[in-house]
Amino acid sequence: VTCIEVVEAYVERIREVNPLINAVVKDRFEEALQEAQQVDKLLSECPGDDYLEKFPFLGVPITVKEAFSLHGMPNTSGLVNRRNVIATSDATVVSRLKQAGAIPLGMTNCSELCMWYESSNRVYGRTNNPYDLQRIAGGSSGGEGSVLAAACSVIGVGSDIGGSIRMPAFFNGVFGHKPTTGVVPNDGQFPNAQGVRTSFLCTGPMCRYAEDLEPMLRVMAGPGVNKLKLDEKVSLENIKFLCMDHDGGSIFVSPVDKEILQAQKKVVEHLESDLGVQVQRVMIHKMKYSFQIWSAMMSSTDGNGQEAQLFTDLLGDHGKPVWPLWELMKWLVGMSSHTLPAIALGLTEKLMKLNPGGNAKLVSMGKSLREEMEALLGTDGVLLYPSHPTLAPRHNSPICMPFNFAYTAIFNVLGLPVTQCPLGLSSEGLPLGIQLVAASHNDHLTLAVACYLEKAFGGWVLPGK
């Protein structure tokens, strides 16, 4: 097929389903079609496959989370007072994918300031889950998860500071990878991490097919890929598999859904019967405090004593300061330009400052948990762990259980690589899945296991089938 045919097919698909899912918030169809014509011209003038090494994604349609800069496209991160901001350059990862030949089709929705697990804001509205329009697509890369699941794009760019790649990948039944911290550059996105959070924010690939994760990671990481062992051959039989069913019963988090536990059990049984390995059950006590550890570490000072940037400062975006209590009053009468989750986060941020002693203990607990996990996983370990305690929730219901993201968030502050892998659909037709976790710089292990589980459990399933 020609590149123009491929791009036209995806443009047509977006036009067909986007009115239902509201995932693509700004398209660049005309530019994409022109770029596709240039690819076809190049291939007709110089036939052959010499391009593959230089342009591994030549002519491949992609989508990009709106929090990233893409030249000529909006870059609001769902913040009303940024609605006129147009990017004048490309984020590094976007630039690298474009240089590899990829053709961006448009920008996808996110939560306000990328700090909530439902992708809804006052600029673009709410994104829906293609498996059930009454349910969330997750956040903050929810538009990206939804657009990939609905077969509107091949691969996409996401970012993750508390599960923002993995939750949408889970709720939408696609693949997502949070790389080892410090491998893929984060620059060119808003908001970007400052202070201690630069060690927690990760930019990574999202896609429908597991085999696309590694080539995407190579391109996005650029020279940073040398820190990983992606050229090492992985022998699945020699991996030390560990399994943990839940966090130990945190009071802040929902119990894990039976169908998620059942899916995880099937994975364990398949690994043991097919590979002849023994999956070791573990119970890591500190995981029970995942939410508290993540919160404390997110608001801690870095090595230079620099304090983490306040979320309320970001809400103001260099303008007037935002007072969360006043915004809550305005929200109650429909006058606030902010979402309720953003206002609530601003309020809880103030509360976190009231207990510095407790926070210091939790930061210390987080550092000790990191050492424990690195030692447990070693150079050959992969941990199976639930992606989220529930399947894709109904719209607005996350506000009732706001801390359920702790299942993904803990691995951001631990700096570990995690691949989100789909495992078919539940009895209600909603995606099931699992997190695959390895020690730092062992991304190759989780990527290899994801490819294996895709073959065993079917991977992505077309919605509405």
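Taken together, the values in this text are just the output of simple stated rules run on the coordinates, not laboratory data. Treat the numbers as computed from the prediction; the structure is a model and nothing was measured. Backbone-built Cβ (ideal geometry, glycine too); neighbour counts: all protein chains shown.
Would you please report the Å³ per residue occupied by the convex hull of the alpha carbon atoms in the range 169-328?
Hull volume over Cα atoms, normalised by residue count, gives 192 Å³.
Rounded to two decimals, what is the ratio between the C-alpha radius of gyration of the chain and 2.2 N^0.38 Å?
Values: Rg = 21.0 Å, N = 465, 2.2 N^0.38 = 22.7 Å.
That ratio works out to 0.93.
Would you calculate a helix-derived [θ] at 222 nm for the chain, using -39,500 (n - 2.57) for each DSSP H run of n ≥ 4 and dividing by the full residue count, to the nearest 500?
Details: 15 runs with 167 residues, N = 465.
The per-residue figure over the chain is -11000 deg cm²/dmol.
Between ALA375 and LEU462, what's the calculated FRET efficiency when r is the beta-carbon distance and R0 is 60 Å? Round to 0.05.
Working from the Cβ atoms, E equals 0.90.
Take the Cα coordinates of the range 27-136, assign each an equal point scatterer, and use the Debye formula without solvent to give log10 I(q)/I(0) at q = 0.11, 0.14, 0.22 Å⁻¹.
Rounded to two decimals, the profile gives -0.44, -0.66, -1.15.
From the C-alpha gyration tensor of the range 338-438, pull out the three semi-axes of the equivalent ellipsoid (sqrt of 5λ each), sorted largest to smallest, in whole Å.
Computed over the range 338-438, the values are 26, 25, 8 Å.
May I ask which of LYS227/LYS361; LYS178/LYS229; LYS178/LYS227; LYS54/LYS178; LYS54/LYS98 have a Cα-Cα span longer than 22 Å here?
Values: LYS227/LYS361 31 Å; LYS178/LYS229 15 Å; LYS178/LYS227 15 Å; LYS54/LYS178 25 Å; LYS54/LYS98 12 Å.
The answer is LYS227/LYS361; LYS54/LYS178.
Direction-averaged shadow area of the convex hull around the Cα atoms of the range 131-231, nm²? All intermediate terms of the calculation are to be shown ahead of the outcome.
Numbers: hull surface 26.3 nm².
Projected over every direction and averaged, the Cα hull of the range 131-231 covers 6.6 nm².
Which whole-number percentage describes the relative contact order of the chain, with Cα contacts under 8 Å and a sequence gap of 6 or more?
Here the relative contact order equals 18 percent.
What is the packing order of peptides 163-176, 131-144, taking the mean over residues of other C-beta atoms within 10 Å and listing the highest first?
163-176, 131-144
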